[in-house]
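Asks: My questions all concern the structure below.
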């Protein structure tokens, strides 16, 4: 199959899965409608509707190729960073540093990814922005909670911009025998990690008994974790044909990114718990904020990127 | 002349609402009441010139057209653009804040708007709060208005984060998310004293603030 055929086949598969989900959601809605409002089913249905929109957005970005994907993830970073900073207690003295984070660091990082300057985009935020933001905050001479404010702003940038930019950065990898197919790496990463989230949610709702981290998140269970990770890992292995990997390699990598995704969810839940909120935002109906949807991807993307770069690139 | 400008006024209002939504992602949380067409007084914390725009933005469009911010004439009557925006787009109820020079009683001006079945947006602190305190002491305007129109519902409205979008003295707005929380309406109690009423109103407003982020 050509790349285009594989991409179309992949999106057709996702659309088929979503169609089944929509039908199930509709049947559940019909069956329980008479018993009054049912928040869990309503939430399920708004989640499914949002999935349709997100898949459509990703498909649109794919249609535009590299530029489309970079714009999509730059916008996702912007939305995620604004959600993160909104819930971070910054002060007036951080204003300039934050303006630089939003309007300089973020676009420049994606520009560097666009021009494929690996040597700079892989150190730009961890080194240069890291030093610059602390300096800008210091120049304002507001020392109250200085270290905490600087550290939290940097951490937010690392997760929402630096880590997430590794998704479009996959397009710049030179993999022997895989020329012109790198979009499918993004499809593999996003599909496997997101289906892991969905399958953990489904397994947790159906079988969940023992909470896995009750202090962080009451909805994450041992059963959801095992069932979701295992089934999404099998899915990853079954998708080996769109990757440069053998089936067992695809399964191993899927397991790795699913675990990273799970850890991302845990870490971001810990932050939300500390801030006293349930969701990062309200942009995606049924899911919460953009960061609620991408927490797993932000942790999986850099590790996925570097694993492939180290073991597979020329 | 005025009817010719009507579409421009409406277009400006829509553009401002869209812009406010884009920059602040503002969400209205109707915690204590639902939108209601009867005249109300929405009273809010005041940290930014754009405060009333956010309240305006979260109101459903039919209510927005009937809701007028109360603003200082000294600010909104200087320059043609402010004059146009204040008088025609926001339809502000302009009051003279200087008790010596003013010709009209501000309370009577506000009450007249309520009598026309319009709602008001009022900032009882009287001026923008640039301190670290959540709220300045209330001026007495809210009390006098409540006494002039005792049946009218007073709705506390807490605006969260707009001061971080554009703090005083900064020139680049940050795209942070804002929330407008509308609390439970109340009215002036029979025989309620001014100090007790203002204290109660102030507490009702502060109670809507997000607890964890007020200060660390």
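Nothing in this text is a laboratory measurement; each read-out follows from the coordinates by a stated rule. Quantities reported herein were computed from a predicted structural model and do not represent experimental measurements. Because the Cβ atoms are built from the backbone with ideal geometry, glycine has one as well, and the counts that use them run over all protein chains shown.
Asks: Kindly give the semi-axes, whole Å and largest first, of the ellipsoid equivalent to the range A:224-314, taking each as the square root of 5 times a Cα gyration tensor eigenvalue.
Replies: Working: eigenvalues 159, 41, 27 Å².
For the range A:224-314, the ellipsoid semi-axes come out as 28, 14, 12 Å.
Asks: Is any residue of the range B:111-126 close enough, with backbone N under 18 Å, to a label point placed 7 angstrom from the Cα of residue B:74 along the Cα-Cβ axis, and if so, which?
Replies: Answer for the range B:111-126: B:123-126.
Asks: While we're here: Going by how many other Cβ atoms sit within 10 Å of their own, how do A:83, B:133, B:103, B:29 line up, fewest first? Write down the numbers at each step before the final one.
Replies: Values: A:83 27, B:133 11, B:103 5, B:29 15.
Taking fewest neighbouring Cβ atoms as first place, the list is B:103, B:133, B:29, A:83.
Asks: Using the eigenvalues of the Cα gyration tensor, what equivalent ellipsoid semi-axes result for the range B:23-85 when each is taken as the square root of five times the eigenvalue, whole Å, largest first? Don't skip to the end; give the middle numbers.
Replies: Working: eigenvalues 107, 39, 26 Å².
Three semi-axes, in Å: 23, 14, 12.
Asks: How much length is gained on full extension from residue A:222 to residue A:115, taking 0.36 nm per residue of separation minus their Cα-Cα distance?
Replies: On the way: separation 107, 0.36 × 107 = 38.52 nm, distance 4.30 nm.
That pair, residue A:222 and residue A:115, stretches by 34.2 nm at full extension.
Asks: Can I ask one more? Starting from the Cα of residue A:6, step 7 Å toward the Cβ, then list every residue of the range A:183-203 with an amide N under 16 Å from that point.
Replies: A:183-192
Asks: Also: Could you state the orientation-averaged shadow area of the convex hull built on the Cα atoms of the range A:19-168, in nm² to one decimal?
Replies: On the way: hull surface 46.4 nm².
With every direction weighted equally, the projected area is 11.6 nm².
Asks: Here is a further query. Which ordering of A:195, A:165 is given by a fewest-first count of other beta-carbon atoms within 10 Å?
Replies: A:195, A:165
Asks: Taking Cα pairs under 8 Å and at least six residues apart, what relative contact order does the range A:13-107 come out at, in percent?
Replies: Working: 33 pairs, mean separation 19.2, N = 95.
Relative contact order of the range A:13-107: 20 percent.
Asks: Separate question: Could you check the spin-label model distance between residue A:128 and residue B:117? Points 7 Å from the Cα along Cα→Cβ, value in nm.
Replies: According to this spin-label approximation, the distance is 6.2 nm.
Asks: Now for a different question. Quick check on chain A: what are the equivalent-ellipsoid semi-axes from the Cα gyration tensor, as sqrt(5λ), descending, whole Å? Numbers along the way, then the final one.
Replies: On the way: eigenvalues 199, 144, 59 Å².
Its equivalent ellipsoid spans semi-axes of 32, 27, 17 Å.
Asks: Once you average over the residues of A:94-104, how many Cβ atoms of partner chains fall within 10 Å of each Cβ? Write out the running numbers ahead of the final one.
Replies: Numbers: counts 3, 10, 2, 0, 6, 6, 1, 1, 5, 3, 0.
Across A:94-104, the average partner-chain Cβ count within 10 Å equals 3.
Asks: Quick one: if the Förster radius is 30 Å, what FRET efficiency do residue A:306 and residue A:16 give, using the C-beta to C-beta distance and rounding to 0.05?
Replies: On the way: r = 33 Å, r/R0 = 1.09.
Calculated value: 0.35.
Asks: Would you list the P(r) distribution for the range B:80-216, with all Cα-Cα distances sorted into 10 Å bins from 0 and each bin expressed as a whole %?
Replies: Going from the shortest bin to the longest, the percentages are 10, 34, 38, 17, 2.
Asks: Ratio of alpha-carbon Rg to the 2.2 N^0.38 Å globular estimate for the range A:163-296, to two decimals, please. If you can, show how the numbers build up before the last one.
Replies: On the way: Rg = 15.8 Å, N = 134, 2.2 N^0.38 = 14.1 Å.
It is 1.12.
Asks: Note down the nm distance, to one decimal, between modelled labels 7 Å out along Cα→Cβ at residue A:248 and at residue B:65.
Replies: The modelled label-to-label distance comes out at 7.1 nm.
Asks: Quickly estimate the mean residue ellipticity at 222 nm for chain B, helices only: each DSSP H run with n ≥ 4 gives -39500 (n - 2.57), and the total goes over all residues, rounded to 500. Before the final figure, lay out the partial values.
Replies: Values: 9 runs with 79 residues, N = 216.
Rounded to the nearest 500, the figure is -10000 deg cm²/dmol.
Asks: Spin-label point model (7 Å from Cα, Cβ direction): what's the residue A:210 to residue A:238 distance in nm?
Replies: Each label point is offset 7 Å from its Cα along the Cβ direction, giving 2.8 nm.
Asks: Restricting things to alpha carbons, find the Rg to Rh ratio for the protein assembly as shown using the Kirkwood radius for Rh.
Replies: Rg/Rh for the protein assembly as shown comes to 1.03.
Asks: Based on other C-beta atoms within 10 Å, arrange B:80, B:56, A:241 from fewest to most. Let's see the in-between values first.
Replies: Numbers: B:80 7, B:56 23, A:241 13.
Ranked by crowding around the Cβ, least crowded first: B:80, A:241, B:56.
Asks: Further question on the same structure: Starting from 0.36 nm per residue, how many nanometres of slack lie between residue A:278 and residue A:256 once their C-alpha separation is accounted for? Show your work: numbers first, answer last.
Replies: Numbers: separation 22, 0.36 × 22 = 7.92 nm, distance 2.69 nm.
Going from the current span to full extension adds 5.2 nm.
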